[in-house]
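To start, the structure itself, in structure tokens.
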Amino acid sequence: MTLARACYECMFLLDSNSYARDPGGSAQKVLTLIESSGGKILASRLWNEQRLAYPIKGHRKGVYWLVYFDLEAADMPKFNRACQLADQVLRFLTIRLEPRLVDAMVSAAKGERERALPVPDGMVSSNSETTLAEVDDPEVVKT
């Protein structure tokens, strides 16, 4: 039985001091963890920086970094071990995405608002599509 390549979502909690000193370097180290494990980055972005509910490894603030990537399932233990050994990573949580959700999640992480959405029946013909920008714009009226 061979394990297939899958898409994963990972939320990293990074050391805020390390991130403040070198934001680009900290983000690159996270991406290097994935690529060195055999993964391919689909989307990566800063999520939030905030005070933690309780101290983690002596830190009271953390930076949340969201990454979507492809990786062979057999390489997940290697990736998990690399994350555990990385000094700048305080915590991480990885989930495998449902294949039908991958495109929507990755485009949302990249900030692409104009992806096609089907229009509900009754508004226009069932063959039409509209974009999120058109839905948000009250002046756009489909006939």
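The values are calculated or read from the model by the stated rules, or taken from the named source; none is laboratory data. Source: prediction; values computed, not measured. Counting neighbours? That spans all protein chains shown, and the Cβs are built from the backbone with ideal geometry, glycine included. For accessibility, only protein heavy atoms count, side chains too; no ligands or nucleic acids. Shrake-Rupley method; radii C 1.70, N 1.55, O 1.52, S 1.80 Å.
How high is the FRET efficiency from Ala53 to Ile95, r the C-beta distance, R0 25 Å, rounded to 0.05? Could the numbers behind the result be given before it?
On the way: r = 21 Å, r/R0 = 0.84.
Taking R0 as 25 Å, the efficiency between Ala53 and Ile95 is 0.75.
In the full protein assembly as shown, how much of Lys78 is accessible to a 1.4 Å probe, in Å² to the nearest 10?
The accessible area comes out at roughly 120 Å².
Using amide H atoms built 1.01 Å from N in the peptide plane, name the residues 5+ places from Phe92, or on other chains, whose amide H lies under 5 Å from its own.
HN-HN under 5 Å from Phe92: Leu13.
Once you have the Cα-Cα distance between Lys110 and Ala6, take 0.36 nm times their residue separation minus that, and quote the gain in nm to one decimal.
Values: separation 104, 0.36 × 104 = 37.44 nm, distance 1.90 nm.
Between Lys110 and Ala6, full extension yields an extra 35.5 nm.
Tell me, what is the FRET efficiency for Arg81 and Ile41 to the nearest 0.05, using R0 = 25 angstrom and their Cβ-Cβ distance as r?
Working: r = 19 Å, r/R0 = 0.76.
Approximately 0.85, to the nearest 0.05.
Which residue, Met76, Ile34, Gln50, has the largest displacement toward the positive end of the dipole of the stretch 33-80 when charges sit on each Cβ (Lys, Arg +1; Asp, Glu -1)?
Farthest along the dipole direction, towards plus: Gln50.
For the stretch 29-34, just list the computed ³J(HN,Hα) in residue order, Karplus coefficients 6.51, -1.76 and 1.60, θ = phi - 60°, integers in Hz, with x standing in for Gly and Pro.
5, 5, 5, 5, 4, 6
Work out the length of the dipole vector of the stretch 56-99 about its Cα centre, built from +1 on the beta-carbon of each Lys and Arg and -1 on the beta-carbon of each Asp and Glu, and round it to the nearest 20 debye.
On the way: 7 positive and 5 negative charges, 84 e Å.
Around 400 debye, computed over the stretch 56-99.
Using heavy-atom solvent-accessible surface (probe 1.4 Å) with all chains present, what is the largest-first order of Met76, Met105?
Working: Met76 25, Met105 65 Å².
Result, largest first: Met105, Met76.
Looking at this model, which pairs from Lys29/Lys78; Lys40/Lys61; Lys57/Lys78 are more than 19 angstrom apart at the alpha-carbon? Walk me through the numbers on the way to the answer.
On the way: Lys29/Lys78 16 Å; Lys40/Lys61 29 Å; Lys57/Lys78 23 Å.
As for pairs spanning more than 19 Å Cα to Cα, those are Lys40/Lys61; Lys57/Lys78.
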